[in-house]
Amino acid sequence: MVDNNMKQIAAEHAVKYVQDGMKIGLGTGSTAYFAIMKIGELVQSGLRIQAVATSKASERLAIEQGIPLSPIEQVRRLDMTIDGADELDGQLRLIKGGGGALLREKITAFHSERLVIVADESKSVSRLGAFPLPVEIIPFAYEWTVEALIELGCSVRIRRAEGGGSYFTDNGNLIADCQFELMDEPEEIAARLSRIPGVVEHGLFVGMADQAIIGCHDGTVRMVQARERSGKIVFDS
Ligand code: 5RP
């Protein structure tokens, strides 16, 4: 089974949780694409939801599919966001931002009751870090910000746009793709990144995802679920 089928299976499985009246966050990327398409299909058959998009690209797709989008100020909290990931581990720690939308994705996830991650099985790893960590940085004095990132022990590439020149996010910022060693303590790296002025946000999502739905080669889905047990978060798969 090719990656796209695995992505579609995972995304469409997640959409089964979408119910009438919900407020839904629409993720970004080639896996979230399938979720948006399926939600669009359901909306055309009568499902009533309100949605918020995590990028201009997903907003355009939602409009094309007839999914009603709400202005942010009219939504207090989202019931669920369905989004992709570049890597996820067994504790539902994620690297996101391969598509450059990590800031809006993180804001949207933070204001959601549930963050459901959809991915093909190639994204599931035992340790994060093979995928370069996207970090959104302010263009002003970005060379200094890059120096500070390098001091954390990674190599850094400023992302380029497909047609040449710098890549700019939907928020007018740059993306520094940071190649670390495989991470023992993603939480520690996340904390250190957040202390650097000029870093707007980073693509480590720690303690945010509630569930992952992973599309597998054999056409099945594998679930990883965060649950609270005796005051601790445990991860069942
Ligand atoms: C965009 C993201 C995406 O969710 C991530 O890059 C995964 O994308 P895809 O589903 O295309 O592999 O974080 O900023």
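The values are calculated or read from the model by the stated rules, or taken from the named source; none is laboratory data. These numbers come from a predicted model, not from an experiment. For neighbour counting, all protein chains shown are included, and Cβ atoms are generated from backbone atoms with ideal geometry for every residue, glycine included.
Of note:
- Test for GLY25: is it within 27 Å of LEU128 (Cα to Cα), part of a strand (DSSP E or B) and touching a Ser or Thr at 6+ places or on another chain (Cβ under 7 Å): yes
- Residue check, LEU47 in contact with a strand residue (DSSP E or B) (Cβ under 8 Å, 6 or more places away or on another chain) and crowded, with 16+ Cβ neighbours inside 10 Å: no
- Residue within the stretch 108-121 that is surrounded by 20 or more Cβ atoms within 10 Å (Cβ to Cβ), among the charged types (D, E, K, R) and at pLDDT 95 or above present: yes
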